[in-house]
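Data block below; observations after.
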């Protein structure tokens, strides 16, 4: 579980056109203050180290950042921050080092590839991108390379721009960046879909382009490909939350703490500008329904990749209705097929084609009925002789 501490809610210093938090901003759900004591009490109740999140958390005064991270280091031994990187300077880097702050940084590429992460004018946007790229270099020189999130869209992942994005990823690897998280654009606004989103075919082409390109990166790993390979082999313990049967009312992988100590969920499940509070206990009705509902009706019935994918993130569900599977199903299907074939060439047996898959599916269905969300690794470990026989 990640504890996301959001002192400033969704306040940000730039205005990414595609940001999934924009509905909250449009609805006026902006928080003007926070209470340090209440936030710390809430984090202690969660019982885990935290990642400062936003919006843009580095809008907080440096003295208060130091207060939080000093306390976090003493309590939990480490800290984290997720940032767009535009505000990072030497003093922040000193704080990151002193208080063991792991940095996640969002950037979609150099120059025009990052223009969709708007800062008010083209000149200001390019300057913001320059500062973000400079922050990555500073962190790498300081021996603290960030994990980088890259979202694919029309500004950076059409066929003519893929080679430029690939060259940038290679430059990140040379700097020392070891991990990139690659996202499909999450869209809640039809106008943004028309302006920014790739087509299904373009998304498939982009992800397959990088699936092949990753083989030329000796050190840099793109997490979505690592996840898919591992999931096909039944190794789901460390899989990203989007593959783990997320209940949108409790979002087990993310526990949010707001500025006055309120509990909240992963922001990707917030729709219509509403920041929902966390339910008291999880339910897995979505997955029971998806397993049985026909694909034509928004379900996953008959899909051999269901146990690995589980309909993917409810925040990307068809028609923004969490009961449906992800609207990006065809993209994920293409990637699972690609890595399934790769594993077969390596002489490995993907779960998707394994004779024991129906038994494994039945075990998951019974667990979900009981309010449990198990791991494939657990079942395979308990039935290894039969599974490998």
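Of note:
- Scanning the range 101-124 for residues that are surrounded by fewer than 20 Cβ atoms within 10 Å (Cβ to Cβ) and at pLDDT 95 or above yields 102, 104, 110, 111, 112, 115, 121, 122, 123, 124.
- Search result, residues across the range 370-389 that are more than 17 Å from residue 244 (Cβ to Cβ) and either under 27 Å from the mean Cα position of the chain (by Cα) or surrounded by 16 or more Cβ atoms within 10 Å (Cβ to Cβ) (or both): 387
- Residue within the range 183-196 that is part of a strand (DSSP E or B), crowded, with 21+ Cβ neighbours inside 10 Å, within 14 Å of the chain's Cα centre (by Cα) and at pLDDT 95 or above present: yes
- Single residue of the range 233-244 satisfying the filter (over 14 Å from the mean Cα position of the chain (by Cα) and crowded, with 16+ Cβ neighbours inside 10 Å) that is nearest to residue 374 (Cα to Cα): 236
So that you can scan it fast, the table gives a plain yes or no per residue for (1) over 20 Å from residue 183 (Cβ atoms); (2) touching a residue at least 60 places away in the same chain (Cβ under 8 Å):
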position: 283; (1), (2): yes, yes
position: 288; (1), (2): yes, yes
position: 321; (1), (2): yes, no
position: 324; (1), (2): no, no
position: 340; (1), (2): yes, yes
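- In the range 312-320 there is at least one residue that is surrounded by fewer than 20 Cβ atoms within 10 Å (Cβ to Cβ) and at pLDDT 95 or above.
- Entirely in the range 251-360, the helices (runs of 4 or more DSSP H) that have 1 or more residues that are under 18 Å from the mean Cα position of the chain (by Cα), within 23 Å of residue 185 (Cα to Cα) and not assigned by TED's automatic domain parsing to the domain that holds residue 215: 306-309, 329-345
- Any hit, the range 291-311, residues being in contact with a strand residue (DSSP E or B) (Cβ under 9 Å, 6 or more places away or on another chain) and either in contact (Cβ under 8 Å) with a residue 60 or more places away in the chain or surrounded by fewer than 17 Cβ atoms within 10 Å (Cβ to Cβ) (or both): yes
- Selection from the range 264-275 of residues that are buried (at least 16 other Cβ atoms within 10 Å of the Cβ) and on the phi < 0 side of the Ramachandran plot: 264, 265, 266, 267, 268, 269, 270, 271, 275
- Qualifying residue in the range 21-34 (condition: within 20 Å of residue 115 (Cα to Cα) and out of contact with any strand residue (DSSP E or B) (no Cβ under 9 Å at 6 or more places or on another chain)): yes
- Count - residues of the range 8-34 that are buried (at least 18 other Cβ atoms within 10 Å of the Cβ) and farther than 26 Å from residue 124 by Cα: 1
- When restricted to residues that are assigned to a loop (DSSP other than H, G, I, E, B), surrounded by fewer than 17 Cβ atoms within 10 Å (Cβ to Cβ) and modelled with pLDDT of 95 or more, the range 197-218 contains 1.
The values are calculated or read from the model by the stated rules, or taken from the named source; none is laboratory data. Not measured: the values here are computed from a predicted model. Cβ atoms come from the backbone with ideal geometry, glycine included; neighbour counts cover every protein chain shown.
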